[in-house]
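Colleague: Got a structure for you, questions after.
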Amino acid sequence: MAHSLYFIGGGNMVTAIIAAVRRKADQYPVDHIYVEEISQARIDALKADYGVEATTPESAPDADIVLIGVRPQDDVAGVAASVAKRFDPARTTVVSIVAGYTIDKLEDSLGKDFRLVRIIPNTLTTVDYGYSGAALNAKASKEDVDDFLNTFGKVLYVEERLIDVITGFYPPNIVYHFIDAYVDAGVLAGLPRDIARAIALDTLIGGTEFLKQRDVLPQVLLNINNSPGGVGITQAYTLNKTGFAAAIQSAVLAAVERTTALGANAK
Ligand SMILES: NC(=O)c1ccc[n+]([C@@H]2O[C@H](COP(=O)([O-])OP(=O)(O)OC[C@H]3O[C@@H](n4cnc5c(N)ncnc54)[C@H](OP(=O)(O)O)[C@@H]3O)[C@@H](O)[C@H]2O)c1
């Protein structure tokens with residue numbers, strides 16, 4: 001059965017979701033993709049690239065899913081109140097991707113009749129990797145959104161308290177920082193940058209694949225690789241001394257705290 005989707009806010013994340021939905025048309029067919037967006041340039045691009053239909057805050061077409069895709073600093077409460085006026089809770093499930101904005105806060109404006117799902121969408125939508133975290137309100141069930149969410153990656157249904165943790169933990173930025181530092185390390189040691197980059201990317205993919213195949217924690221492989229007095233344990237000692245693990249852990253904790261703070265300040 002074909003679906004009908006309605007997006008409010010047509011920015012970067014919504015564009016990535018729409019692109020993924022279009023790519024997965026075989027497994028998740030859609031009749032209509034409606035987008036309500038302030039910026040004319042953005043809506044023109046979405047129409048040209050993905051054949052979406054532009055709407056206004058007065059529109060109320062039939063929609064299986066209405067997705068709130070504005071930023072925390074936008075008028076999220078106003079958008080949710082407007083959804084409550086225009087759509088039918090018996091027909092429509094509401095999905096919010098607004099970081100840090102809780103189900104309770106959304107229900108203050110939306111009411112409690114809608115099936116409501118708060119998600120943190122996976123940002124690796126084009127490579128079929130990465131998890132979206134999803135939390136359901138009392139009315140919603142997995143079946144309301146599972147097919148839709150699976151168009152842009154894998155889905156983890158979690159308690160809402162873990163959503164901010166996933167938001168701070170999962171973006172690939174930390175991996176990009178690691179690769180950047182790793183490539184620079186190769187250059188510092190004398191490798192040409194293109195060779196350092198090629199080795200770094202393959203080592204990261206290969207190392208990850210091997211860990212998945214063995215189904216063990218990295219410590220198991222490090223115990224095998226780090227022989228007494230050898231190169232590996234010397235490298236491990238240097239990383240420990242420079243606070244490598246603490247730097248990563250501090251960065252993730254700070255990102256989680258920032259997510260919660262942004263949500264608390266949202267309108
Ligand atoms: N980007 C990510 O990787 C990511 C990941 C997880 C979650 N999120 C969440 O996704 C949401 C969107 O993020 P984004 O990066 O896609 O932001 P973005 O690119 O700035 O997109 C937001 C869009 O919404 C428009 N907008 C604002 N208020 C509106 C309204 N009342 N009606 C219709 N359109 C409105 C904005 O237009 P103007 O610019 O003209 O105001 C802008 O085009 C945020 O809540 C964020 O927390 C993003």
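The values are calculated or read from the model by the stated rules, or taken from the named source; none is laboratory data. Computed from a prediction, not measured in an experiment: that's the story for all the values here. Ideal geometry is used to build each Cβ from the backbone, glycine not excepted, and the neighbour counts take in all protein chains shown. Areas reflect the complete protein model, heavy atoms only, side chains present, ligands, DNA and RNA absent. Shrake-Rupley method; radii C 1.70, N 1.55, O 1.52, S 1.80 Å.
Colleague: Among the aspartates and glutamates, select those whose C-alpha is under 17 Å from the C-alpha of Lys139, and discard any that sit fewer than 8 residues away in the same chain.
Modeller: Here the aspartates and glutamates satisfying the reach criterion relative to Lys139 are Asp64, Asp88, Asp104, Glu107, Asp108, Asp113, Glu159, Glu160.
Colleague: Based on the Cβ-Cβ distance from Ala247 to Ala90, what FRET efficiency comes out when R0 is 41 Å, to the nearest 0.05?
Modeller: The calculated FRET efficiency here is 0.20.
Colleague: Among rounded, prolate and oblate, which fits the stretch 3-163 when a ≥ b ≥ c are the square roots of the eigenvalues of its C-alpha gyration tensor, a/c under 1.5 means rounded, and a/b larger than b/c means prolate?
Modeller: Cα axes put the stretch 3-163 in the rounded bin.
Colleague: Once a ≥ b ≥ c are taken as the square roots of the eigenvalues of the Cα gyration tensor of the stretch 74-208, is the result rounded (a/c under 1.5), prolate (a/b larger than b/c) or oblate (a/b not larger than b/c)?
Modeller: In terms of gyration-tensor shape, prolate.
Colleague: Right, next: Under 5 Å between amide H atoms, partner at least 5 residues away or on a different chain: which partners does Phe7 have, H built in plane at 1.01 Å?
Modeller: Correct list: Tyr34, Val35, Glu36, Leu67.
Colleague: Something else now. Would you mind getting the accessible area per residue of the chain, heavy atoms of the protein chains only, 1.4 Å probe, in Å²?
Modeller: 56 Å²
Colleague: Shifting gears a bit: State which entries of Lys212/Lys241; Lys24/Lys154; Lys154/Lys241; Lys85/Lys105; Lys24/Lys47; Lys154/Lys212 exceed 25 angstrom in Cα-Cα distance in the structure shown.
Modeller: Lys212/Lys241; Lys154/Lys241
Colleague: Moving on to the next point. Ratio of the stretch 1-82's C-alpha Rg to 2.2 N^0.38 Å, to two decimals?
Modeller: 1.04
Colleague: I've got another one for you. In the chain, what percentage of the DSSP-assigned beta bridges are antiparallel, given to the nearest 5?
Modeller: Roughly 15 percent of the DSSP beta bridges within the chain come out antiparallel.
Colleague: Please report the spacing between the Cα centers of the stretch 47-100 and the stretch 184-260 in Å, no decimals.
Modeller: 42 Å
Colleague: Could you work out how far apart the two model spin labels at Tyr237 and Glu160 are, taking each label as a point 7 Å from the Cα in the direction of the beta carbon, and quote it in nm?
Modeller: In this crude spin-label approximation the distance works out to 5.1 nm.
Colleague: Evaluate the distance, in nm, between pseudo-label points positioned 7 Å from the Cα of Ala189 and of Leu124 along their respective Cα→Cβ axes.
Modeller: It is 2.4 nm.
Colleague: Here's a follow-up. Where in the chain are the DSSP H helices whose alpha-carbon span along the long axis reaches 18 Å or more and whose Kyte-Doolittle mean is at least -0.5?
Modeller: 173-188, 193-214, 244-265
Colleague: Where a ≥ b ≥ c are the square roots of the eigenvalues of the C-alpha gyration tensor, would you call the stretch 190-267 rounded, which needs a/c under 1.5, or, failing that, prolate if a/b is larger than b/c, or oblate?
Modeller: Prolate, since a/c reaches 1.5 and a/b exceeds b/c.
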